[in-house]
1. Identify all residues within the stretch B:198-237 that are of a type in the set (Lys, Arg) and touching a His at 6+ places or on another chain (Cβ under 8 Å); write none if there are none.
2. Going through B:262, B:248, B:268, B:240 one at a time, which residue ends up being within 30 Å of residue B:200 (Cα to Cα) and free of Cβ contacts under 8 Å to residues at least 12 places away in the same chain?
3. Give the stretch A:195-229 a look and list any residue that's open to solvent by less than 20 Å² (accessible area, probe 1.4 Å) and assigned to a helix (DSSP H, G or I), or say none.
4. Given the options B:319, B:296, B:280, name the one that is touching a Pro at 6+ places or on another chain (Cβ under 9 Å) and at pLDDT 95 or above.
5. Against the condition within 11 Å of chain B (Cβ to nearest Cβ), of a type in the set (A, V, I, L, M, F, W, C) and open to solvent by less than 20 Å² (accessible area, probe 1.4 Å), how does residue A:372 come out, does it pass?
6. Across the stretch B:157-194, what is the number of residues that are surrounded by 21 or more Cβ atoms within 10 Å (Cβ to Cβ) and on the phi > 0 side of the Ramachandran plot?
7. Any residue in the stretch A:66-95 that's closer than 19 Å to residue A:116 by Cβ: show its pairings with residues that are open to solvent by 20 Å² or more (accessible area, probe 1.4 Å) and part of a strand (DSSP E or B) at Cβ separation under 6 Å, as long as the two are six or more apart or on different chains.
8. If you take just the helices (runs of 4 or more DSSP H) that sit entirely in the stretch B:1-116, which of them hold at least 2 residues that are among the β-branched types (Val, Ile, Thr) and within 30 Å of residue A:287 (Cβ to Cβ)?
2 protein chains.
Amino acid sequence: MKNNAPGDPVAAIDTPALVIDHDALLRNVARMASVARAAGLALRPHAKTHKCAHVAALQAEHGAVGVCVQKVSEAVALTSATDAAPPRDVLVTNEVIEPVKLDALFALLSGPRAPQRLGMAVDSTLGIQRAAEAWVRAGQPAGLELLVEIDVGQGRCGVPPAEAGNLARAVVAHGLAFAGLQAYHGGAQHRRRVADRQDAVRGAALAVASAHQSLARMGLAAARVTGGGTGTATIDAASGVWHELQAGSYVFMDRDYADNEGPADAAGFEHALFVKSRVHSRSRTHAVIDAGHKSHALDSGPPRVAHGPWTWANAGDEHGRLEAPAGVALPALGDTVWLVPGHCDPTVNLHDRYVVVQGGLAQGRVLDTWPVHARGCLR
Amino acid sequence: MKNNAPGDPVAAIDTPALVIDHDALLRNVARMASVARAAGLALRPHAKTHKCAHVAALQAEHGAVGVCVQKVSEAVALTSATDAAPPRDVLVTNEVIEPVKLDALFALLSGPRAPQRLGMAVDSTLGIQRAAEAWVRAGQPAGLELLVEIDVGQGRCGVPPAEAGNLARAVVAHGLAFAGLQAYHGGAQHRRRVADRQDAVRGAALAVASAHQSLARMGLAAARVTGGGTGTATIDAASGVWHELQAGSYVFMDRDYADNEGPADAAGFEHALFVKSRVHSRSRTHAVIDAGHKSHALDSGPPRVAHGPWTWANAGDEHGRLEAPAGVALPALGDTVWLVPGHCDPTVNLHDRYVVVQGGLAQGRVLDTWPVHARGCLR
């Protein structure tokens with residue numbers, strides 16, 4: 001309906017819109033790069049958060065070694081996006097067991113924009129066997145590495161640490177490269193208290209140690225242990241257990257991460273992602289904005305009104321309902337209301353593009369629009 | 001990665017996929033058509049549910065008078081979709097106050113696939129004034145009708161019923177056609193008990209009566225009262241208050257509507273929309289499927305496993321975690337797991353296309369794939 005052209009004032013951005021505060025984004029990217037650098041860790045940001053080759057390229061410019069993705073189709077989309085540099089090193093932090101998906105993934109290694117290295121998590125002998133067959137079908141391209149995923153406390157994917165050695169031996173037996181351990185504790189990221197996140201990381205570190213022993217019993221070693229996230233980044237870095245940090249959400253910082261107790265980790269980052277909405281209905285008691293949960297995900301709780309004292313209530317797919325505290329005026333019909341999403345990853349996935357803004361949300365101007373290249377890439 | 005071609009067996013559909021059971025869809029479409037016909041009501045299904053011109057065309061073939069949409073960009077997308085017949089009659093059941101959006105909407109009336117009639121809700125004098133200005137800019141095309149939205153109990157958009165007359169007079173004073181009342185009670189749809197839904201509809205009917213009086217005081221009358229939904233359809237129909245039924249979810253029936261107490265309304269419809277997922281990780285205690293809340297919306301609660309005794313737990317954007325009751329086996333690595341989404345509308349909005357299946361989910365075959373034409377149409 002309206003293309004937000006570079007130079008347009010923020011006020012002209014049509015709503016609802018997914019807006020990046022580029023200044024805050026740059027500070028977040030630099031800050032996490034410095035956390036990783038100070039600890040001697042490689043930073044491999046998770047692209048499931050932003051799904052955008054421009055953001056990935058920006059992270060690479062600040063020293064990131066590559067990207068994580070969760071889905072094969074995300075890897076394909078980011079590698080195929082011709083409006084930004086392709087990632088040099090891609091890690092699928094998830095199990096892929098379907099031949100059709102494995103074929104699509106390994107074809108990247110022979111493509112015109114091939115990454116130099118492509119990693120994938122495995123946690124079953126069936127998965128390893130399927131990967132080996134697909135690798136042969138693909139012509140045994142160079143650059144493929146498998147990582148054994150261990151369950152370090154999340155209770156989702158991954159084998160018990162003591163079984164890491166068996167799986168790693170199966171990888172090698174199939175003629176594939178065993179690169180190390182995928183060891184991510186998603187649940188740890190969102191524990192509110194620093195002490196609870198420290199406890200979770202301590203448990204994860206013990207699990208990694210157990211996996212190292214299991215590997216050693218097979219005469220194998222993990223060159224890379226990769227994991228960690230935005231909520232535990234400085235704790236992960238201080239542990240000495242991980243070689244590679246997979247944090248993703250720090251680029252945007254959602255409401256949920258910001259609710260974590262500081263001072264470590266999440267508290268050091270700024271909100272850089274917003275949904276711009278507008279009041280399109282207004283009564284004496286409340287204002288209604290044109291953004292509902294088709295504009296921002298609710299899985300991790302509500303969004304927060306960014307600049308204003310109003311309380312938000314869910315009013316459906318396309319509406320939000322604002323009330324004002326006693327003595328405070330409601331926004332007027334047509335007024336802009338900025339929301340900080342409750343959870344950035346699935347919010348980004350609802351939008352086709354970002355409007356990137358420089359100079360702040362109040363007085364700034366549109367710098368660019370970036371496609372959400374991997375939006376809807378579920379497979 | 002894989003195009004699901006007509007004739008392919010259901011087993012070959014790559015996961016996660018949004019799958020329509022076409023047989024169940026047809027029964028749902030026919031059933032609601034018959035509810036409306038029996039009561040002498042026009043059926044104007046809400047396209048915010050399916051966002052697909054093919055489904056809208058199917059509903060029209062069964063007697064629907066047109067479609068509802070919530071957003072201008074949805075109207076544009078459905079009208080522009082050249083792979084299905086365009087809707088003949090479009091109603092935007094929402095307020096539109098931005099000139100850029102009003103221009104895009106009214107341009108439809110002069111376009112090559114113009115609807116014969118285009119309705120829009122208003123609930124403010126500013127909205128009416130903006131609409132009048134945009135209508136003049138568009139060259140005063142025929143077919144535009146405004147409906148005054150009244151709040152019949154939802155507490156969202158709409159004026160108090162007693163103010164309907166004033167707004168209708170303003171519509172007429174601006175030279176625009178006043179067509180009637182938009183009177184939808186969203187909250188009523190999801191009250192679990194039939195008696196509570198009946199109470200809510202009774203309250204809404206009183207509000208409509210009050211609005212009629214307000215209009216009469218201005219010497220005006222509402223030719224159309226439009227509203228109602230899947231949860232209250234038979235109650236709405238029996239009330240004699242509404243001329244037009246806006247039900248949307250009945251085409252697909254999600255887990256949330258199915259949880260409503262029967263025997264009326266929702267209970268008469270079948271699940272016709274599923275997310276096909278696959279176990280891609282499996283431990284001794286649980287199975288992990290490749291569909292998370294980027295595949296199915298959680299705003300109205302969890303999905304339900306369609307064919308199997310397993311309990312589902314949220315495991316993030318791209319994962320679901322299944323456990324088995326005592327004595328029951330977990331699904332195996334690679335097994336298909338079907339989910340009934342908690343809420344169909346925002347689930348559909350996460351997918352680019354439907355895979356349409358005939359002959360059932362177990363033994364059926366792919367009939368077609370349909371684009372979700374208005375996916376992501378937020379503006």
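1. B:224
2. Sole residue among the options that is within 30 Å of residue B:200 (Cα to Cα) and free of Cβ contacts under 8 Å to residues at least 12 places away in the same chain: B:240.
3. A:197, A:200, A:201, A:204, A:207, A:208, A:211, A:214, A:215, listed by residue number.
4. Answer to the check: B:296.
5. Values: within 11 Å of chain B (Cβ to nearest Cβ): yes; of a type in the set (A, V, I, L, M, F, W, C): yes; open to solvent by less than 20 Å² (accessible area, probe 1.4 Å): yes.
Yes.
6. Residues flagged as surrounded by 21 or more Cβ atoms within 10 Å (Cβ to Cβ) and on the phi > 0 side of the Ramachandran plot within the stretch B:157-194 amount to 2.
7. Within 6 Å, the pairs are A:89/A:117.
8. B:72-80
The values are calculated or read from the model by the stated rules, or taken from the named source; none is laboratory data. Not measured: the values here are computed from a predicted model. Please note: Cβ atoms are built from the backbone with ideal geometry, for glycine as well, and neighbour counts cover all protein chains shown. Quick note on the areas: whole protein, heavy atoms, side chains included, nothing else; ligands and nucleic acids left out. Shrake-Rupley method; radii C 1.70, N 1.55, O 1.52, S 1.80 Å.
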